[in-house]
Every structure is written in C-alpha cells, then in structure tokens.
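I am attaching a structure below and will ask some questions about it afterwards.
The values are calculated or read from the model by the stated rules, or taken from the named source; none is laboratory data. Since the structure is predicted, the reported quantities are computational estimates derived from the model, not experimental observations. When we count neighbours, we look across all protein chains shown, and the Cβ atoms used for this are built from the backbone with ideal geometry, even at glycine. Ligands, DNA and RNA are stripped out before the accessible areas are found, and what is left, the full protein with its side chains, is counted by its heavy atoms. Shrake-Rupley method; radii C 1.70, N 1.55, O 1.52, S 1.80 Å.
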Amino acid sequence: MAFGSAKIYKTPAELRLMVRPGAVTAASLAAVREAIRPGVTTLELDAIAERTIRDAGGVPNFMKEPGYRHTLCVSVNDEIVHGIPGDRVLQPGDIVSVDSGAEVEGWNGDAAITVVVPDPARPELVAARQELADATEHGLWAGIAELARSKRLNQIGGAIEEAIDSRGTFGIIEDYVGHGIGRSMHEEPPVFNFRVRPAGPEVKPGLVVAIEPMVTRGGVGSHVLADDWTVATDDGTDAAHWEHSVAVHAGGLWVLTSPDGGAAGLAPFGVVPVPIA
Ligand code: MG
C-alpha cells in the first residue's frame with residue numbers, strides 16, 4: 001500500500017469533514033463485532049461491513065487499493081494483517097483481526113479491532129489470545145494518549161512499545177506501520193509503533209494519523225502468503241492488530257473512529273478527548 005502525497009496538516013474545515021468517515025468506519029466495525037461467532041465466514045463479515053458503510057452513504061475505501069476487492073481485511077490466528085475475506089469459517093477460539101475503512105465525501109477513516117471467538121472448551125487458549133489482543137489495544141491507547149501531550153510524532157512509538165512490553169513478552173511488527181490519513185487512506189507521515197531515532201513531524205492542530213500496532217506472541221518476522229496480500233508470522237505464533245484514526249485539533253485530540261471519541265480508552269491515561277468544533 002503506497003503512501004499518497006498530501007500535506008500533513010489539515011485545516012479546521014477539513015478536520016470537520018473527517019468526523020463522518022471516522023464514525024462510519026466505527027459503525028462498520030461495531031456491526032462486524034456483533035456478528036463474529038463460530039461458523040460465520042470472513043466473507044459474511046465483509047458483506048456486513050460493506051452494507052453498514054454504504055447504508056451510511058460511504059464507500060469502502062479498501063476497494064480503492066489497486067487489486068483489492070473487499071471492504072475488510074480479516075486476519076485470523078497467525079495472520080497479522082491484510083487477510084482477504086473468503087470462505088474461511090471462524091472456529092471457536094480463533095483470534096480475529098478486522099480492519100475496515102470508509103470514505104465519505106472524499107475523506108477517509110481507517111480502524112481495526114481484534115476479537116477472540118468464544119470457546120468454552122479451551123479457556124486457557126482464549127485467555128492467552130485475549131491477553132495478546134488486550135496488550136495490543138493497550139499499546140494503541142498509550143500511543144494515542146502520548147499524541148495528546150507530545151511535541152513530535154515519533155514520541156508515540158516509545159510509548160506504544162513501553163505499554164506493550166509492560167504486559168508481557170510480545171513481538172512488535174516493524175515491517176508495517178501506521179500512517180497519515182485524509183483525502184487518501186494512506187498519506188504521509190509514517191507512524192511507528194516502536195522507538196525510532198528521528199523525532200518526526202511536529203504534533204500540532206491539523207495532524208491526523210492512523211495509529212495501528214501489530215503485535216505477535218513470538219518474533220517479528222513476517223511473510224506474504226501466496227494470495228499476495230495476507231501477511232503471516234514466520235514462526236506461526238498468533239498476532240493481533242488494533243487501529244484508530246486520530247485528529248489533533250485546536251481544542252485537543254479526538255479519536256475519529258471511536259464512538260465516544262476515545263473517552264473510555266483514554267481515561268486510564270488521564271486524557272479527555274475534545275470533540276471537533
Ligand atoms: Mg491503517
């Protein structure tokens with residue numbers, strides 16, 4: 001997925017236009033989450049997300065990626081990202097990462113969740129996979145909270161890394177990173193989920209980024225499967241992926257792809273999101 005060229009900082013009017021696509025993206029993921037259960041296929045989840053986005057007047061923006069024909073990426077167990085929806089049937093205990101995006105009036109949202117399919121017969125497996133999903137989500141919120149107080153974008157990588165490491169021994173994928181978002185789903189700048197040396201661009205009103213840690217139970221090596229899209233762990237360990245699109249504006253910070261703007265997720269970090277006026 002190539003980065004489109006666009007200026008990094010949006011105007012206040014442009015930020016307002018990013019609220020709807022964020023909300024529609026969130027709605028698509030909420031609908032998919034409701035539908036995840038043993039026996040459902042990943043293509044059925046895709047149809048639910050597409051209907052939700054189109055009913056809201058949006059367009060699934062992953063379809064604008066050359067060669068991609070679906071609304072979602074659904075990545076199961078050792079798959080990290082970019083899994084193609086199809087006839088795969090979700091099994092009890094599967095760890096399922098779902099990435100969705102909507103374009104509304106030419107502006108984009110992008111977000112991902114990881115859900116563990118219930119499996120009463122294997123509570124230990126479910127608990128271990130939930131722990132991985134939770135550590136990844138914790139890293140995401142730590143990164144968003146850091147964005148609220150950092151001067152330079154790349155400060156958030158250290159916060160994400162530290163938060164995930166605090167939950168146990170995990171691998172943070174480095175081959176794939178977050179990105180700016182706006183008129184294109186993928187824009188400059190890159191958003192790192194780990195500590196890097198360059199400070200990165202200034203954090204100031206108008207910056208909108210998709211932060212998306214990808215985390216494994218083992219190593220950070222990955223490869224693309226024969227379908228040319230799905231990225232899986234080299235060591236076969238489980239992976240999780242959480243993502244939000246986040247706007248920095250004059251009044252503060254707002255998580256565009258969270259129904260509450262990020263209030264619940266940010267509360268443990270003492271950060272209160274502010275709606276875009
Ligand atoms: Mg993304």
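Can you tell me which residue within region 89-134, out of those that are buried (at least 23 other Cβ atoms within 10 Å of the Cβ) and over 25 Å from residue 50 (Cα atoms), is farthest from the chain's Cα centre (by Cα)?
So, considering only residues that are buried (at least 23 other Cβ atoms within 10 Å of the Cβ) and over 25 Å from residue 50 (Cα atoms), the one farthest from the chain's Cα centre (by Cα) is 129.
Right, another one. Can you give me the number of residues within region 223-277 that are more than 16 Å from the ligand (Cβ to nearest atom) and farther than 20 Å from residue 187 by Cβ?
To start, the set of residues in region 223-277 that are more than 16 Å from the ligand (Cβ to nearest atom) comprises 223-228, 232-238, 248-254, 259-277.
Add one more test, that the residue is farther than 20 Å from residue 187 by Cβ, and what stays is 223-228, 232-238, 250-252, 259-275, 277.
Selection size over region 223-277: 34.
Looking at (1) closer than 18 Å to residue 152 by Cα; (2) away from the ligand (no atom under 16 Å from the Cβ); (3) open to solvent by less than 10 Å² (accessible area, probe 1.4 Å); (4) not basic (Lys, Arg), can you tell me which one residue 205 breaks?
Every listed condition holds for residue 205 apart from (3).
Test residue 60 against the stated conditions and say whether it is closer than 19 Å to residue 261 by Cα, of a type outside the set (Phe, Trp, Tyr) and open to solvent by less than 20 Å² (accessible area, probe 1.4 Å). So that I can check it myself, show each step before the final result.
Values: closer than 19 Å to residue 261 by Cα: no; of a type outside the set (Phe, Trp, Tyr): yes; open to solvent by less than 20 Å² (accessible area, probe 1.4 Å): yes.
So residue 60 fails the test.
Which count do you get for residues in region 141-181 that are out of contact with any helix residue (DSSP H, G or I) (no Cβ under 7 Å at 6 or more places or on another chain), outside any strand (DSSP E or B) and within 16 Å of the ligand (Cβ to nearest atom)?
Going through region 141-181 one residue at a time, the tally reaches 8.
To continue, here is another question. Does residue 196 meet the test of being open to solvent by 30 Å² or more (accessible area, probe 1.4 Å), more than 16 Å from the ligand (Cβ to nearest atom) and touching a helix residue (DSSP H, G or I) at 6+ places or on another chain (Cβ under 7 Å)? Talk me through it step by step, then tell me what you get.
Working: open to solvent by 30 Å² or more (accessible area, probe 1.4 Å): yes; more than 16 Å from the ligand (Cβ to nearest atom): yes; touching a helix residue (DSSP H, G or I) at 6+ places or on another chain (Cβ under 7 Å): yes.
So residue 196 passes the test.
Let me ask another. Among (1) buried (at least 23 other Cβ atoms within 10 Å of the Cβ); (2) assigned to a strand (DSSP E or B); (3) touching a helix residue (DSSP H, G or I) at 6+ places or on another chain (Cβ under 8 Å), where does residue 83 come up short?
(2)
So, of the residues in region 144-167 that are more than 17 Å from residue 131 (Cβ to Cβ) and of a type in the set (Gly, Ala, Ser), which turns out to be most open to solvent (accessible area, probe 1.4 Å)?
If we take residues in region 144-167 being more than 17 Å from residue 131 (Cβ to Cβ) and of a type in the set (Gly, Ala, Ser), then 148 is most open to solvent (accessible area, probe 1.4 Å).
Scan (1) without any contact (Cβ under 8 Å) to a residue 60 or more places away in the chain; (2) within 28 Å of residue 273 (Cβ to Cβ) for the single condition residue 23 breaks and write down its number.
(1)
Does residue 220 count as open to solvent by 60 Å² or more (accessible area, probe 1.4 Å) and not acidic (Asp, Glu)?
Details: open to solvent by 60 Å² or more (accessible area, probe 1.4 Å): yes; not acidic (Asp, Glu): yes.
Criteria met by residue 220.
Let me ask another. Could you please let me know if residue 45 is touching a residue at least 40 places away in the same chain (Cβ under 8 Å) and either out of contact with any Ser or Thr (no Cβ under 6 Å at 6 or more places or on another chain) or over 21 Å from residue 262 (Cβ atoms) (or both)? Steps first, please.
Working: touching a residue at least 40 places away in the same chain (Cβ under 8 Å): yes; either out of contact with any Ser or Thr (no Cβ under 6 Å at 6 or more places or on another chain) or over 21 Å from residue 262 (Cβ atoms) (or both): yes.
When the stated conditions are applied, residue 45 passes them.
Name the single residue, out of those in region 250-270 being open to solvent by 20 Å² or more (accessible area, probe 1.4 Å) and not in a helix (DSSP H, G or I), that is farthest from residue 110 (Cα to Cα). Give the derivation first.
Just the residues of region 250-270 that are open to solvent by 20 Å² or more (accessible area, probe 1.4 Å), to begin with: 250-252, 254, 259-260, 263-264, 267-270.
Those left that are additionally not in a helix (DSSP H, G or I): 250-252, 254, 259-260, 270.
On the way: 250: 22, 251: 22, 252: 20, 254: 14, 259: 13, 260: 16, 270: 25 Å.
My answer is 270.
Related question: Of all residues being farther than 20 Å from residue 10 by Cβ and either open to solvent by less than 10 Å² (accessible area, probe 1.4 Å) or free of Cβ contacts under 8 Å to residues at least 12 places away in the same chain (or both) in region 169-185, which is farthest from the chain's Cα centre (by Cα)? Just the residue, please.
Only one residue fits best here, namely 169.
What is the one condition in (1) open to solvent by 10 Å² or more (accessible area, probe 1.4 Å); (2) touching a Ser or Thr at 6+ places or on another chain (Cβ under 9 Å); (3) within 16 Å of the ligand (Cβ to nearest atom); (4) outside any helix (DSSP H, G or I) that residue 137 does not satisfy?
Only one criterion in (1) open to solvent by 10 Å² or more (accessible area, probe 1.4 Å); (2) touching a Ser or Thr at 6+ places or on another chain (Cβ under 9 Å); (3) within 16 Å of the ligand (Cβ to nearest atom); (4) outside any helix (DSSP H, G or I) is unmet by residue 137, namely (4).
Quick one: which of 53, 36 is open to solvent by less than 30 Å² (accessible area, probe 1.4 Å), touching a residue at least 24 places away in the same chain (Cβ under 8 Å), farther than 22 Å from residue 180 by Cα and within 18 Å of the chain's Cα centre (by Cα)? Can you show your working first?
Numbers: 53 fails: farther than 22 Å from residue 180 by Cα.
Just a single option satisfies the conditions, and that option is 36.
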